[in-house]
Amino acid sequence: QVQLVESGGGLGQPGGSLRLSCAVSRSIFSTFAMAWFRQAPGKQRELVGSITPFNEPKYTDSVKDRFTISRDNAKNMVYLQMNSLKPEDTAVYYCNTLRTPRQPWGQGTQVTVSS
């Protein structure tokens, strides 16, 4: 079974940056589009953005021009570079395959944006 381990969250300042990482336990995602999701308190999990196996990213409007998704297929890693952070980016962030059926969700990594 594939395991997803997110890391890199923490406290970020408004306007600041954080970089999240997602380690995948085996190289399934060399052929899968991967995605980052987030879930804010009291809200449903939402798609942040995705990246194809050919490194073609897409983003939801709220993070476009601020966040960048990248992947390293050789290392089984997916990254989320978050710039120009806003308080509304506060959430638990998860990675998973873009398409369903998805892998079991990891524990996520908490991102809190506050001054």
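General observations
- Dimensionless Rg ratio for the chain, taking C-alpha atoms and the 2.2 N^0.38 Å reference: 0.98
- J(HN,Hα) series, the stretch 61-77, from Karplus relation 6.51 cos²θ - 1.76 cosθ + 1.60, nearest Hz, glycine and proline x: 4, 5, 10, 4, 6, 10, 10, 9, 9, 9, 9, 10, 5, 5, 9, 6, 10
- Interchain or long-range residues, amide H under 5 Å from Phe67's placed H: Asn83
- Taking 7 Å steps out from each Cα toward its Cβ at Arg99 and Lys75 produces label points 2.7 nm apart.
- Trypsin sites (Lys or Arg not before Pro) restricted to DSSP loop in the stretch 1-59 with at most 12 other C-beta within 10 Å: Arg26, Lys43
- Net charge over other residues, Cβ less than 13 angstrom from the Cβ of Thr31 (K, R count +1; D, E count -1): +3
- Summed over the residues of the chain and divided among them, the accessible surface reaches 54 Å² per residue at a probe radius of 1.4 Å.
- On the basis of the beta-carbon distance and an R0 of 25 Å, Glu88 and Lys58 show a calculated FRET efficiency of 0.80.
- Element breakdown for the chain at a 1.4 angstrom probe: carbon and sulfur atoms account for 48% of the accessible area.
The values are calculated or read from the model by the stated rules, or taken from the named source; none is laboratory data. All values derive from a computational prediction rather than experimental measurement. No Cβ is skipped: glycine too gets one built from the backbone with ideal geometry, and neighbour counts run over all protein chains shown. Only protein heavy atoms, including side chains, enter the accessible area calculation; ligands, DNA and RNA are left aside. Shrake-Rupley method; radii C 1.70, N 1.55, O 1.52, S 1.80 Å.
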